[in-house]
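Report on one structure; see the data block that follows.
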Amino acid sequence: MALPKLYCTSCNYQFVPKTEKVPNRCPYCDRLGTVEKVMQMQDLLDDVGRETIEKEERNR
């Protein structure tokens, strides 16, 4: 499995981590709690599909 691409919400630095663990700090600006996963198009499509299925199940 490919490692996720991450970015810093503070300095916008993008990187791929060396391990599967998401770091607590940005490796570039060293700010704590600013690292998030870059949203890929497939991630968005999966979210919409999941929400649609949940909505249909609730309406039954």
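Bear in mind these aren't lab numbers, they're just calculated from the coordinates by the rules spelled out. Only a predicted model underlies this, so the values are computations on that prediction, with no experimental measurement involved. A quick note on method: Cβ atoms are made from the backbone with ideal geometry, for glycine too, and the neighbour counts reach across all protein chains shown.
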Any hit, segment 1-13, residues being exposed (fewer than 10 other Cβ atoms within 10 Å of the Cβ), of a type in the set (A, V, I, L, M, F, W, C) and in a loop (DSSP other than H, G, I, E, B): yes
Take segment 23-36 and flag every residue that is surrounded by 12 or more Cβ atoms within 10 Å (Cβ to Cβ) and either under 14 Å from A2 (Cα atoms) or without any contact (Cβ under 8 Å) to a residue 12 or more places away in the chain (or both). R25
Residue that is acidic (D, E), out of contact with any Phe, Trp or Tyr (no Cβ under 9 Å at 6 or more places or on another chain) and part of a loop (DSSP other than H, G, I, E, B), where the choices are D47, D30, D43: D30
